[in-house]
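Comments concern the structure below.
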Ligand SMILES: [Mn+2]
């Protein structure tokens with residue numbers, strides 16, 4: 001049994017999409033695989049593979065460092081693993097059963113690595129994915145290389161943003177489409193421009209939803225806005241959890257020399273506090289999304305990893321549950337780092 005394990009964002013979904021489209025071309029009777037994915041933040045996915053059932057596993061766009069144990073276990077069971085990613089790796093295990101394609105350069109992403117691997121076979125999808133992972137420069141460079149007209153480029157950018165947007169939420173209940181379902185819907189199109197052309201397609205459904213959520217986000221509270229850093233707080237509602245990442249990207253693109261933080265109060269902890277008189281403020285936590293300045297894409301991963309439940313890449317990182325009393329310290333360390 002083959003397993004496909006992939007991040008539920010645009011990069012993860014489109015990385016698998018390119019591989020699957022390519023495999024289907026040479027082998028139309030390709031058997032279905034078991035898909036393992038989740039919300040964008042849910043990266044501890046490899047442990048969900050049944051090592052007894054699996055004969056091969058493709059892993060896309062999830063940090064090897066966060067899946068090290070599960071990977072070691074699969075390799076021990078002599079399961080063939082193809083691992084493609086651009087996040088923190090930690091120590092990469094040495095095994096004849098592991099084929100890895102890993103590049104942690106801040107200007108590449110998993111779908112671009114797959115695009116190289118497939119010699120640009122589905123380059124329009126790769127361009128959409130790079131835009132979705134907010135790698136504007138890399139996406140534009142690739143589009144230019146293939147002489148893609150500006151209008152089509154803008155449409156692929158929209159598509160990438162909408163697919164990426166669909167991956168954000170506390171759980172899959174927040175999402176418009178389960179990422180596995182979205183993958184299945186998208187994988188019938190070998191050219192994303194056909195999907196965009198089609199009235200009522202998932203592109204148009206996501207666009208409508210995205211615009212509604214973004215309109216609400218523009219009214220959010222600004223917590224800090226200084227030379228180094230801008231921080232906004234969003235409500236703890238499904239719409240805000242969906243839009244936080246792409247809203248952060250939009251802010252970052254508008255002020256490329258600043259770091260950007262989107263703060264969301266985790267309501268579950270708030271409810272616990274208000275319903276229990278003896279509870280203290282200490283149980284309150286925030287979800288943090290940090291983007292390094294676009295003109296200085298470094299440090300975000302380290303900054304977040306130095307707080308409990310934090311981690312990510314140099315250019316973009318997050319903290320799942322930052323204790324409320326650490327919020328000031330977090331802002332201080334971000335401002336200090338980028339000063
Ligand atoms: Mn990615």
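Values in this text are rule-based calculations from the coordinates and carry no lab data. Fair warning: this is a prediction, and the values are worked out from it, not measured in the lab. Methodologically, a virtual Cβ is constructed for each residue, glycine included, from the backbone with ideal geometry; neighbour enumeration extends over all protein chains shown.
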Notebook entry, point to check: Taking 0.36 nm per intervening residue step and subtracting the Cα-Cα distance, what contour gain separates residue 250 from residue 1 on full extension?
Noted result: 85.6 nm
Check: What shape does the stretch 144-276 have by the C-alpha gyration tensor, where a ≥ b ≥ c are the square roots of the eigenvalues, rounded means a/c under 1.5, and otherwise prolate means a/b greater than b/c and oblate the rest?
Finding: oblate
Next item on the list: Provide the gained length on full extension for the span residue 225 to residue 32, in nm with one decimal, where the gain is 0.36 nm per separating residue minus the Cα-Cα distance.
Entry: 64.5 nm
Next item on the list: Could you sort 329-338, 255-264, 140-149 so that the peptide with the highest average Cβ count within 10 Å comes first and the rest follow in order?
Entry: 255-264, 329-338, 140-149
Checklist line | Residue order, fewest to most beta carbons within 10 Å, for 223, 19 | finding: 223, 19
Next item on the list: Quote the Stokes-Einstein diffusion coefficient, in whole µm² s⁻¹, for the stretch 5-138, based on the Kirkwood radius over alpha carbon pairs, a temperature of 37 °C and a viscosity of 0.692 mPa s.
Entry: 219 µm²/s
Next item on the list: Diagonalise the Cα gyration tensor of the chain and give the resulting equivalent ellipsoid semi-axes, square root of 5 times each eigenvalue, largest first, whole Å.
Entry: 32, 24, 20
Check: Ranked highest first by the average count of other Cβ atoms within 10 Å around their residues, in what order do 20-33, 117-130, 289-302 fall?
Finding: 117-130, 289-302, 20-33
Notebook entry, point to check: Order of 241, 170 from fewest to most other C-beta atoms within 10 Å?
Noted result: 170, 241
Check: Taking the Cα centre of each part, how many Å lie between the stretch 18-57 and the stretch 82-110?
Finding: 17 Å
Note to self: Let me make sure I get this right: for the stretch 218-338, a, b and c are the square roots of the gyration tensor eigenvalues over alpha carbons, sorted descending. Under 1.5 in a/c it's rounded, otherwise prolate if a/b > b/c, else oblate. Which is it?
What the structure shows: prolate
Checklist line | Residues in the stretch 1-32 reached by a label modelled at residue 52 [backbone nitrogen below 19 Å; 7 Å Cα→Cβ] | finding: 1-3
Note to self: Compute the helix-to-body angle for 327-338: its Cα long axis versus the longest principal axis of the chain, expressed 0 to 90° and rounded to tens.
What the structure shows: 60 degrees
Margin query: Compute the angle between helix 123-132 and the longest alpha-carbon principal axis of the chain, please, reported from 0 to 90 degrees and rounded to the nearest 10.
Written below: 10 degrees
Note to self: Between 0 and 90 degrees, rounded to the nearest ten: what's the tilt of helix 136-145 against the longest Cα principal axis of the chain?
What the structure shows: 30 degrees
Note to self: How would the stretch 109-153 be classified by its alpha-carbon gyration tensor: rounded, prolate or oblate, with rounded meaning a/c under 1.5 and the a/b versus b/c comparison settling the rest?
What the structure shows: oblate
Item checked: Value at 222 nm in deg cm²/dmol, rounded to 500, when DSSP H runs of n ≥ 4 in the chain each add -39,500 (n - 2.57) -> -13000 deg cm²/dmol
Check: How high is the FRET efficiency between residue 146 and residue 76 when r is their beta carbon distance and R₀ equals 35 Å, given to the nearest 0.05?
Finding: 0.25
Next item on the list: Return an integer: the convex hull volume of the alpha-carbon atoms of the stretch 45-122, in Å³ per residue.
Entry: 94 Å³
